[in-house]
Amino acid sequence: MRALRIIMGGLVALGVGAILACCVAYPTYTHRYRLTVEVDVDGQVTSGSSVIETHWTAQPAGLVGGKPFSVRVFGEAVYVDLGSRGPLIVTLFGDNIRERASTSRSAHELALVAFGLRRDHAGLDALQRRRGRVELPIEALPLLITFTDVRDPRTIRAFTPAEVPSVFGPDVQLRSASVELTDAPMSRSLADALPWLRAMTPSTLIGRLEGGRHPTFYAIGLIGDSQ
């Protein structure tokens with residue numbers, strides 16, 4: 001019996017050691033930031049923001065197509081209420097049309113872009129020690145969408161930052177975007193503006209986009225892995 005306890009103890013120790021070694025070799029980097037977008041509307045500034053959290057977990061290079069990290073995003077898209085013009089929504093997905101594919105970034109990359117850090121262990125580690133609010137280039141913003149009828153998710157429409165005046169009117173312009181690392185609670189209010197979101201999971205199909213973008217747009221682009 002004593003020998004069995006010794007063996008079991010050894011196995012437990014080996015298991016714990018293996019878990020610790022795995023955590024050291026393949027760490028998870030977590031950061032939370034507030035994305036704020038300001039829009040000029042008829043000479044007045046209106047804004048929207050969202051607190052987003054990202055988890056980057058290192059993994060063996062042979063997994064998931066050789067990608068060094070698996071990434072999860074929690075939180076919500078940024079909703080900017082433009083009144084009777086409708087909402088300007090900054091989603092969590094990068095825009096993949098030709099003119100924006102090289103600059104537009106998804107939500108998990110925005111803090112790294114804003115602070116000028118690389119998408120590697122050194123950059124992610126450095127990000128955890130950064131503080132303050134920094135400007136984010138407007139061209140780095142993810143996919144922009146609106147709903148011509150906020151009650152109907154099928155009325156989704158995508159556009160570029162340069163197309164904002166043609167979508168909302170000549171007196172509407174994207175003014176700025178910024179990122180601020182924070183410990184504030186993640187945003188959970190998007191469904192107040194888009195009530196149909198309450199019945200959706202991340203894998204729910206919202207609609208189809210045109211112009212070479214994501215052919216199908218799912219709720220994960222608005223609510224991340226939050227539900």
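Given the condition farther than 24 Å from THR30 by Cα, in contact with a helix residue (DSSP H, G or I) (Cβ under 9 Å, 6 or more places away or on another chain) and of a type in the set (A, V, I, L, M), answer yes or no: does some residue in the range 117-133 qualify? So far as the range 117-133 goes, no, none of its residues is farther than 24 Å from THR30 by Cα, in contact with a helix residue (DSSP H, G or I) (Cβ under 9 Å, 6 or more places away or on another chain) and of a type in the set (A, V, I, L, M). Among the residues of the range 73-85, which ones are surrounded by fewer than 18 Cβ atoms within 10 Å (Cβ to Cβ) and of a type in the set (Gly, Ala, Ser)? Residues satisfying the conditions are GLY83, SER84. All of ARG98, ARG119 fail the test of being touching a Leu at 6+ places or on another chain (Cβ under 8 Å) and either at pLDDT below 95 or hydrophobic (A, V, I, L, M, F, W, C) (or both), apart from ARG119.
Testing PHE115 on (1) loosely packed, with under 15 Cβ neighbours inside 10 Å; (2) out of contact with any Ser or Thr (no Cβ under 8 Å at 6 or more places or on another chain); (3) touching a residue at least 40 places away in the same chain (Cβ under 8 Å), one condition comes back false. Which one is that? Unmet for PHE115, out of (1) loosely packed, with under 15 Cβ neighbours inside 10 Å; (2) out of contact with any Ser or Thr (no Cβ under 8 Å at 6 or more places or on another chain); (3) touching a residue at least 40 places away in the same chain (Cβ under 8 Å): (1).
A search for C-beta distances below 8 Å between a residue of the range 202-227 that is free of Cβ contacts under 8 Å to residues at least 60 places away in the same chain and any residue that is basic (Lys, Arg) and assigned to a loop (DSSP other than H, G, I, E, B), counting only pairs 6+ apart in sequence or on different chains, returns PRO215/ARG208; THR216/ARG208. Could you list, in sequence order, the residues of the range 197-227 that are within 16 Å of VAL73 (Cβ to Cβ) and in contact with a strand residue (DSSP E or B) (Cβ under 7 Å, 6 or more places away or on another chain)? Listed by number, the residues that qualify are PRO202, SER203, PHE217, TYR218, ALA219, GLY224, ASP225, SER226.
Restricting attention to the range 115-132, does a residue exist that is among the polar types (S, T, N, Q), farther than 15 Å from LEU35 by Cα, in a loop (DSSP other than H, G, I, E, B) and touching a strand residue (DSSP E or B) at 6+ places or on another chain (Cβ under 7 Å)? Yes, the range 115-132 contains a residue that is among the polar types (S, T, N, Q), farther than 15 Å from LEU35 by Cα, in a loop (DSSP other than H, G, I, E, B) and touching a strand residue (DSSP E or B) at 6+ places or on another chain (Cβ under 7 Å). If I filter the range 41-50 for residues that are under 24 Å from LEU222 (Cα atoms) and either touching a helix residue (DSSP H, G or I) at 6+ places or on another chain (Cβ under 6 Å) or modelled with pLDDT under 95 (or both), do I get at least one hit? Among the residues of the range 41-50, not one is under 24 Å from LEU222 (Cα atoms) and either touching a helix residue (DSSP H, G or I) at 6+ places or on another chain (Cβ under 6 Å) or modelled with pLDDT under 95 (or both), which makes the answer no. Taking the numbered list (1) within 15 Å of SER50 (Cα to Cα); (2) more than 16 Å from the chain's Cα centre (by Cα); (3) not hydrophobic (A, V, I, L, M, F, W, C) in turn, GLY221 passes all entries but (2). The set of residues in the range 57-95 that are at pLDDT 90 or above, on the phi > 0 side of the Ramachandran plot and more than 9 Å from the chain's Cα centre (by Cα) comprises GLY83, GLY86. Going residue by residue through the range 69-78, is there one that turns out to be assigned to a strand (DSSP E or B) and of a type in the set (Ser, Thr, Tyr)? Checking the range 69-78: at least one residue is assigned to a strand (DSSP E or B) and of a type in the set (Ser, Thr, Tyr).
The values are calculated or read from the model by the stated rules, or taken from the named source; none is laboratory data. Just so it is clear, the model here is predicted, and its values are computed rather than measured. All Cβ positions, glycine included, derive from the backbone under ideal geometry; neighbour counts span all protein chains shown.
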